[in-house]
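For reference, the structure is listed below as C-alpha cells.
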Amino acid sequence: MSAVQTDLRRRRGGRDDLGVTISSHVVLGVWSIIVVLPLVWVFMSAFKSNREIISGSPLSLPSAWGIENFVAAWVDEKLGRALLNTTIVVLCALVLVMLLGAMCAYVLARFDFFGRRAIYYMMLAGLTFPVFLAIVPLFFVLQSIGVLNTLPGLIITYVAFALPFTVFFLFAFFQGLPGEISEAASIDGAGKWRTFFQVMLPMATSGMASVAIFNFLGLWNQYLLPVALNTKRDNWVLSQAVASFVSGAGYQSQYGLLFAGVVITIVPVLVAYIFFQRQLQGSVTQGTNK
Amino acid sequence: MTAPVTGPGVSGLRSGARARRKARWTFDNISFFLVFLGLPLALFLLLVIWPFIQAVFYSFTDWGGFTQEFDIIGLANYERLLNDATFKTALGNNIKLAIVVPLVVIVVAMIFATLVTVGGRGIGQTVGVRNSGFYRVVSFFPYVIPAVVSGVIFSKVFDPSNGLLNGLLPEFLRQNWLGQVSTALPASMFVIIWGAVGFYMLLFIAAIKAIPAETFEASRLDGAGRLRTMWSITLPSIRENIQTAWIYLGIAALDAFVYMHVLNNSGGPDNTTLVMPQYLFRLAFSQNQFGYASAVGVAMAVVTLVFAGVVFTINRLTGGTTRSN
C-alpha cells in the first residue's frame, strides 16, 4: 500500500517536475528573446539601406550585406576616432587607477597611522555622493589646471572617480593576505617599495583582475563625465559619438548609419564578454560573497 | 562604478593594520608614504572631495557661471527649490523610478535566479533547469552594453514610424511609446530594467549557490514545495544581497540621467520623463544658473541619503539585524 503511494507520489512529482521545467524554460526563453531580439534587429538593420528600413518589415533580412553604413559611420562620423580616444582614455585610466588604488589600499590595509580612519570614511563618502553634485565645480577645477576638454583631463577625472571603489575592494583583499610574507621580505632586506611591487602585488593578482574587469566596464560605459567635461568634437569618446547619432537632428533620416554605429560600439565588448564570461561571473561571485 | 559590492565595513579597520614596526625616517619609508598615500589622495581630494565642498558652497550663492562675481544669498536657492514646479515633477519622476525599477528588477531577477539554480527536478538533489548556462550568458548581455547605447537602441525600438516594437505589433496596438504622456515613463523604465536584470540575476545566483545544498534538501524532505522553499529558505538567506541590490538600484534610479537623456532629450511629453540630473544639467550648462543648479545637486544628494536610510530602516524593522549566523 505504502509502496503504491510512494510510487504514485513519485509519478505525480514527475509530472509536476515536467510542468515546472517547461514553464521555467518558457519564462527564461521569453526573456532571452526580449534581450536578443533588439540586438538582432540592430545588427540586421545596420546592413540595410534607409529605404529598406523605412518600408520593409523590421525582421526581414537585408537584401544585400553591404558595408557602406559601417564605412560611413567609421569615417564620416569619426567613430574610428572616438573608438581610438575611448581606448586611450580607458586603458590609461585603468592602469593608473589600478596602480594608485592598489597602493592606497595597501597602505590603508597594512599600516597604522594617524588619520587612517578619516581617509577611509572620506572614500566612503566619495563612493555614495552623486557625481552630479560635483560636476559643475569639477568643470572649473579642470579649467583652472588647463586640462578641460583634453584627454589627459578626462583620464585623471576617471581615475579620481574610480578610486574609491578600487580602494574599497582591494582594501579587504590586502587585509586577507598573510602578514608573515611581507615580514619575511623586510627581514631579507627588501624596502617598502620592493616588498609591495615584488611580493604583495603579485599575490593580489586575482583580486586585481576582478576589480579591473568592473572598472573597465564602468569606464567604458562612462557618459556623464565626458559629456560635461570633454565637449571638443575631436576628443569625443564612443558613448558621446553614439549619443550624438540620436540627438543630432541631421542623422534622423540616416537609420542605417546609426545602427552601424551601434554595432561597432557593442561588438568589441560583447565578443570580449563571451570570451571572458567565466572570469566575469567569478568576479561577481567574489565581489558579493566577501 | 556602481558594481554592487558589499564593502568590507568598519570592522575591517580595527582588525587591520598589522605592520606596527617602528617607522624609521629613511628615504625609502618617506618616499613610500608620499607616493603610495599622497598621490592617490591628492588626486581624490582635488577632483572629488574639493568639487563636492565647492558645490555645497555655491548652492548658497547666485553664481551664474560666466563671471567671477556672485553674492551669497543664504537659503534663497532652497526656497526657490521648494516652489519650483519643474523640480517637483523631476523629483516625483525620480521617486517613481526609485520605487518601480528596483522592485521589478529584484523580483524578476530573483525568479530567474531561482529557476536557474533550483528550478529543475524536485526529487533528490536540487538542480537548476538544463542549459541554464545559456540563459545566464544571454541575460547578462545588456550589462556589457553601455547604458547610452541601450538608450539609443531602444529609442529606435520604440520609434513610432519604423521601430521594432510597432513593427511586431498589430495595427491597433501601435503607439508613440516615448512621445505620449501615458507610456513615456513606463517605456523608459522598461529600458532601465532591461539593462539591469541580467546583472542582478547573476548576483542572486551567486548568493543562492552559497546556501548549503543540505538546507534545500532538508526543506524538501520536510515537504516544502518550491514556492515555500523560495519564501522560507532562499529569501531569508540572501536578504543582505537583496538589500545591497535595492540600494544600488535605487541610487541608479535616482540618477537615471543617461537613459533619460538619450531616450527623451528634452524631458519627454509634459516633462513626464524629466529627472533631477537632467534638470540640473539644463540649469547649469544651458541656462547658466550654477548656484541654483548646485542647490538641485545638494537636494539630490539628500534624497539619495534619505533613500539609503529608508532601505536600511525597513530592513531592520522587518528583522534584518538577526542575520542567519
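Could you list, in sequence order, the residues of segment B:218-238 that are more than 14 Å from B:A113 (Cβ to Cβ), touching a residue at least 12 places away in the same chain (Cβ under 8 Å) and among the charged types (D, E, K, R)?
The one that is more than 14 Å from B:A113 (Cβ to Cβ), touching a residue at least 12 places away in the same chain (Cβ under 8 Å) and among the charged types (D, E, K, R): B:R220.
Name the one entry in B:V104, B:V118, B:V137, B:V108 that is within 12 Å of chain A (Cβ to nearest Cβ), under 19 Å from the mean Cα position of the chain (by Cα), farther than 30 Å from A:L148 by Cβ and among the β-branched types (V, I, T).
B:V108 is the lone residue from the list that is within 12 Å of chain A (Cβ to nearest Cβ), under 19 Å from the mean Cα position of the chain (by Cα), farther than 30 Å from A:L148 by Cβ and among the β-branched types (V, I, T).
Of the residues B:R239, B:R316, which single one is surrounded by fewer than 17 Cβ atoms within 10 Å (Cβ to Cβ), among the charged types (D, E, K, R) and under 22 Å from the mean Cα position of the chain (by Cα)?
B:R316
What are the residue pairs meeting all of these: first residue in segment A:37-50, first residue farther than 12 Å from B:G167 by Cβ and within 7 Å of another protein chain (Cβ to nearest Cβ), second residue part of a helix (DSSP H, G or I) and at pLDDT 95 or above, Cβ atoms under 9 Å, and 6 or more apart or on different chains?
Sorted first by the residue in segment A:37-50, then by its partner, the list stays empty.
Of the conditions (1) at pLDDT below 90; (2) facing chain A (nearest Cβ under 7 Å), B:V148 clears all except one; give me its number.
The failed condition is (1).
In segment B:50-103, how many are in contact with a Pro (Cβ under 6 Å, 6 or more places away or on another chain) and closer than 18 Å to B:Q287 by Cα?
The total comes to 1.
Look through A:L94, A:L108 and report the one residue that is part of a helix (DSSP H, G or I), assigned by TED's automatic domain parsing to the domain that holds A:G218 and within 22 Å of the chain's Cα centre (by Cα).
Exactly one of A:L94, A:L108 is part of a helix (DSSP H, G or I), assigned by TED's automatic domain parsing to the domain that holds A:G218 and within 22 Å of the chain's Cα centre (by Cα), namely A:L94.
Take segment A:120-152 and flag every residue that is closer than 16 Å to B:P40 by Cβ and either facing another protein chain (nearest Cβ under 7 Å) or in contact (Cβ under 8 Å) with a residue 40 or more places away in the chain (or both).
Matches in segment A:120-152: A:Y120, A:M122, A:M123, A:L124, A:G126, A:L127.
Within segment B:201-226, work out how many residues are more than 10 Å from chain A (Cβ to nearest Cβ), under 20 Å from B:W246 (Cβ atoms) and assigned to a helix (DSSP H, G or I).
So the count comes out to 1.
Do you know which of the residues in segment A:68-92 that are free of Cβ contacts under 8 Å to residues at least 60 places away in the same chain and hydrophobic (A, V, I, L, M, F, W, C) is nearest to A:F216 (Cα to Cα)?
A:L91
Output the residues belonging to segment A:109-118 that are more than 7 Å from every other protein chain (Cβ to nearest Cβ) and surrounded by 12 or more Cβ atoms within 10 Å (Cβ to Cβ).
Residues satisfying the conditions are A:F113, A:R116.
Condition first: more than 8 Å from every other protein chain (Cβ to nearest Cβ), within 19 Å of B:L41 (Cα to Cα) and among the aliphatic types (A, V, I, L, M). Now tell me which residues in segment A:153-180 satisfy that.
A:L154, A:I155, A:L170
Test B:S188 against the stated conditions and say whether it is farther than 18 Å from B:L274 by Cβ and either within 7 Å of chain A (Cβ to nearest Cβ) or touching a helix residue (DSSP H, G or I) at 6+ places or on another chain (Cβ under 9 Å) (or both).
no
Go through segment B:72-94 residue by residue and tally those that are surrounded by fewer than 17 Cβ atoms within 10 Å (Cβ to Cβ) and assigned to a helix (DSSP H, G or I).
Qualifying residue count, segment B:72-94: 9.
Could you please give the count of residues in segment A:184-215 that are in contact with a helix residue (DSSP H, G or I) (Cβ under 9 Å, 6 or more places away or on another chain), in a helix (DSSP H, G or I) and either free of Cβ contacts under 8 Å to residues at least 40 places away in the same chain or more than 10 Å from chain B (Cβ to nearest Cβ) (or both)?
17
Here is a check on your reading of the model: is A:L163 modelled with pLDDT of 90 or more, farther than 29 Å from B:Y248 by Cβ and in contact with a Cys (Cβ under 9 Å, 6 or more places away or on another chain)?
Considered against the rule, which asks whether it is modelled with pLDDT of 90 or more, farther than 29 Å from B:Y248 by Cβ and in contact with a Cys (Cβ under 9 Å, 6 or more places away or on another chain), A:L163 comes out as no.
Tell me, which residue of segment A:154-183 that is out of contact with any Ser or Thr (no Cβ under 7 Å at 6 or more places or on another chain) and among the small types (G, A, S) is surrounded by the fewest Cβ atoms within 10 Å (Cβ to Cβ)?
Looking at the filtered set, the residue picked out is A:G179.
Every residue in segment B:170-186 that is loosely packed, with under 13 Cβ neighbours inside 10 Å and assigned to a loop (DSSP other than H, G, I, E, B), please.
Result: B:P170, single match.
Counting just the residues of segment A:224-272 that are at pLDDT below 80 and not in a helix (DSSP H, G or I), which one comes out farthest from A:P62 (Cα to Cα)?
For segment A:224-272, the residue satisfying everything is A:G248.
If you take the residues of segment A:23-69 that are outside any helix (DSSP H, G or I) and among the polar types (S, T, N, Q), which of them is surrounded by the fewest Cβ atoms within 10 Å (Cβ to Cβ)?
Within segment A:23-69, the match that is surrounded by the fewest Cβ atoms within 10 Å (Cβ to Cβ) is A:S57.
Can you pull out every residue in segment B:181-224 that is of a type in the set (S, T, Y) and farther than 30 Å from B:L165 by Cα?
B:T215, B:S219
Kindly indicate whether A:F275 is in contact with a Gly (Cβ under 6 Å, 6 or more places away or on another chain) and either at pLDDT below 85 or surrounded by fewer than 18 Cβ atoms within 10 Å (Cβ to Cβ) (or both).
The answer is no for A:F275.
So which of B:V262, B:V303, B:V258 is surrounded by fewer than 23 Cβ atoms within 10 Å (Cβ to Cβ), of a type in the set (A, V, I, L, M, F, W, C) and touching a helix residue (DSSP H, G or I) at 6+ places or on another chain (Cβ under 7 Å)?
It is B:V303.
Restricted to segment B:89-107, and to residues that are among the hydrophobic types (A, V, I, L, M, F, W, C) and in contact with a Phe, Trp or Tyr (Cβ under 8 Å, 6 or more places away or on another chain), which residue is nearest to B:M230 (Cα to Cα)?
B:I106
The values are calculated or read from the model by the stated rules, or taken from the named source; none is laboratory data. Since we're looking at a predicted model, the values are computed, not measured. Every residue, glycine among them, receives a Cβ derived from its backbone with ideal geometry; neighbour counts consider all protein chains shown.
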